[in-house]
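For reference, the structure discussed in these notes is given below.
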Amino acid sequence: MEAAGMSDAERGVQFSVDLGAELNADVKKAIQATVDAQKAQMAAAAQLRRTAEKLRREGLSGRDISHVLGVSPQRVSQLLQAAK
């Protein structure tokens, strides 16, 4: 790259591996499944925070919320703190 006179901004290497059509498709599906799972986890966590906050507004104690949601009282505290 130096011999070609490329600046630092132009330098970069991108590798591409061709494993054949079937394996390439499997890799793409596996990566997409991981991305989808991350998005679903984030959505579930947000829903749990909203629900914990609603339960608190209805007058339930942290311990009661933990029983209803099936999480520890410490987790309820974290959820309520994050909901603020």
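The values are calculated or read from the model by the stated rules, or taken from the named source; none is laboratory data. All of these numbers come straight from a predicted model, not from anything done at the bench. No Cβ is skipped: glycine too gets one built from the backbone with ideal geometry, and neighbour counts run over all protein chains shown. Accessible surface is based on the protein model in full, side chains and every heavy atom, while ligands, DNA and RNA are left aside. Shrake-Rupley method; radii C 1.70, N 1.55, O 1.52, S 1.80 Å.
Things to note:
- Meets criteria (out of contact with any strand residue (DSSP E or B) (no Cβ under 8 Å at 6 or more places or on another chain), surrounded by fewer than 12 Cβ atoms within 10 Å (Cβ to Cβ) and either of a type in the set (A, V, I, L, M, F, W, C) or modelled with pLDDT of 95 or more (or both)) for residue 81: no
- Scanning the range 11-23 finds no residues that are in contact with a helix residue (DSSP H, G or I) (Cβ under 7 Å, 6 or more places away or on another chain), among the β-branched types (Val, Ile, Thr) and either modelled with pLDDT of 95 or more or open to solvent by 100 Å² or more (accessible area, probe 1.4 Å) (or both).
- Subset of the range 45-72 [open to solvent by less than 70 Å² (accessible area, probe 1.4 Å), in a helix (DSSP H, G or I) and over 17 Å from residue 84 (Cα atoms)]: 66, 69
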